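The values are calculated or read from the model by the stated rules, or taken from the named source; none is laboratory data. All figures in this text were calculated on a predicted structure; none of them were measured in a lab. All Cβ positions, even for glycine, are placed from backbone atoms using ideal geometry, and neighbour counts span all protein chains on display. Calculation scope for accessible area: heavy atoms of the full protein, side chains included, ligands and nucleic acids excluded. Shrake-Rupley method; radii C 1.70, N 1.55, O 1.52, S 1.80 Å.
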Amino acid sequence: MAHLSVEKLTLNKIVWPGTHDSATNGIGIDVVTRPLGECQTLSIYEQLVRGTRLLDVRVQEDRHICHGILASYNVDFVIDDVIRFLSETHSEIIILEIRTEYGHKDPPEFESYLTNKLGQFLIHQDDNLFNKSLSEILPKRVICIWKPRESPRPSRGGLLWNSDYLKDNWIDTDLPWTKFQSNMNHLKDQPSLSSRRFFYRVENTLTPQADNVVVWVRPVTDRIRRCARLFISRCIAEGCIDKLQIFSTDFIDEDFFDACVGLTYARINGRI
């Protein structure tokens with residue numbers, strides 16, 4: 001974002017490169033359980049430096065990162081990496097989604113924890129934010145979306161955003177064409193960016209299935225991970241490229257970042 005005009009760039013024109021299960025680097029036991037749960041090999045800080053601008057972080061009751069039954073480091077490491085990156089940059093805005101993982105309980109007093117740790121950077125929930133330019137939002141830098149399972153949701157107008165403001169249509173499949181078509185069909189059904197008052201995510205990911213002999217994350221998700229540019233080109237061909245907003249993946253790489261940045265440039269220059 002530092003290379004884009006903060007006056008010309010409104011929040012709804014950004015194509016946000018995101019990571020799925022962002023904090024799973026090093027999760028589980030190497031060779032044994034890690035291939036079943038690791039969706040990223042880079043740390044949160046490394047992902048941010050390379051271009052990730054939406055983070056998908058899952059926690060359990062003791063504030064440790066988890067993916068299903070696999071647990072990893074304390075969420076403090078995620079927050080510290082975010083703060084480190086923000087301290088080294090001036091105009092980067094991050095969407096930080098933190099949710100309690102399915103099958104787990106909410107960490108106690110977690111909303112207070114997030115506001116205390118990130119308070120100086122937090123962008124208040126505001127339905128009018130989407131049409132604002134970055135220059136109107138800065139120096140606040142983090143849209144933090146907290147999704148508890150049982151605790152009260154963040155209230156409107158507060159420091160944290162609730163689940164109403166980040167939507168997707170995730171399907172549980174390891175079939176690339178099924179996921180590709182589902183992503184396309186659901187994207188077409190979304191409101192235009194100019195009228196949308198929430199973030200919408202398309203996940204270019206697949207999920208290993210128990211009835212398939214291939215259950216490691218990397219070989220399964222590689223079936224669709226390299227189709228990111230193909231998806232963008234199909235969005236252009238089918239007239240829904242103006243609706244693509246958050247695009248996320250497993251094992252994010254430079255080509256994925258470049259595709260999202262190029263699309264953002266095209267938008268602010270009126271090419272699409």
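A few remarks follow.
- Criterion violated by Lys132 - all others in (1) modelled with pLDDT under 95; (2) among the basic types (Lys, Arg); (3) open to solvent by less than 40 Å² (accessible area, probe 1.4 Å) satisfied: (3)
- Any pair with Cβ under 7 angstrom, 6 or more apart, that starts in segment 198-225 at a residue that is among the hydroxyl-bearing types (Ser, Thr, Tyr) and ends at one that is open to solvent by 10 Å² or more (accessible area, probe 1.4 Å): Tyr200/Lys167; Tyr200/Asp168; Tyr200/Gln190; Thr205/His20; Thr207/Asp172; Thr207/Thr173; Thr207/Asp174; Thr221/Phe251
- Subset of segment 218-231 (residues that are touching a Leu at 6+ places or on another chain (Cβ under 7 Å) and crowded, with 19+ Cβ neighbours inside 10 Å): Val220, Thr221, Ile224
- Considering (1) farther than 23 Å from Ser91 by Cβ; (2) modelled with pLDDT of 95 or more, the lone condition that Gln120 does not fulfil carries the number (1).
- Residue in segment 174-193 that is under 30 Å from Leu118 (Cβ atoms), out of contact with any Pro (no Cβ under 8 Å at 6 or more places or on another chain) and surrounded by fewer than 17 Cβ atoms within 10 Å (Cβ to Cβ) present: yes
- In segment 241-260, residue nearest to Phe199 (Cα to Cα) [restricted to those that are among the charged types (D, E, K, R) and surrounded by fewer than 24 Cβ atoms within 10 Å (Cβ to Cβ)]: Lys243
- Selection within segment 38-91: residues that are touching a residue at least 60 places away in the same chain (Cβ under 8 Å) and among the charged types (D, E, K, R). The member of this set that is farthest from Phe247 (Cα to Cα) is Glu38.
- Where Val78 falls short, out of the listed (1) open to solvent by 30 Å² or more (accessible area, probe 1.4 Å); (2) in a helix (DSSP H, G or I): (1)
- Number of positions in segment 135-173 that are open to solvent by 40 Å² or more (accessible area, probe 1.4 Å), aliphatic (A, V, I, L, M) and closer than 16 Å to Leu96 by Cβ: 1
- Scanning segment 26-66 for residues that are charged (D, E, K, R) and not in a helix (DSSP H, G or I) gives Asp30, Glu38, Arg53, Asp56, Arg58, Glu61, Asp62, Arg63.
- Of all the criteria given as (1) under 22 Å from Glu92 (Cα atoms); (2) buried (at least 18 other Cβ atoms within 10 Å of the Cβ); (3) modelled with pLDDT of 95 or more, the one not satisfied by Arg267 is (3).
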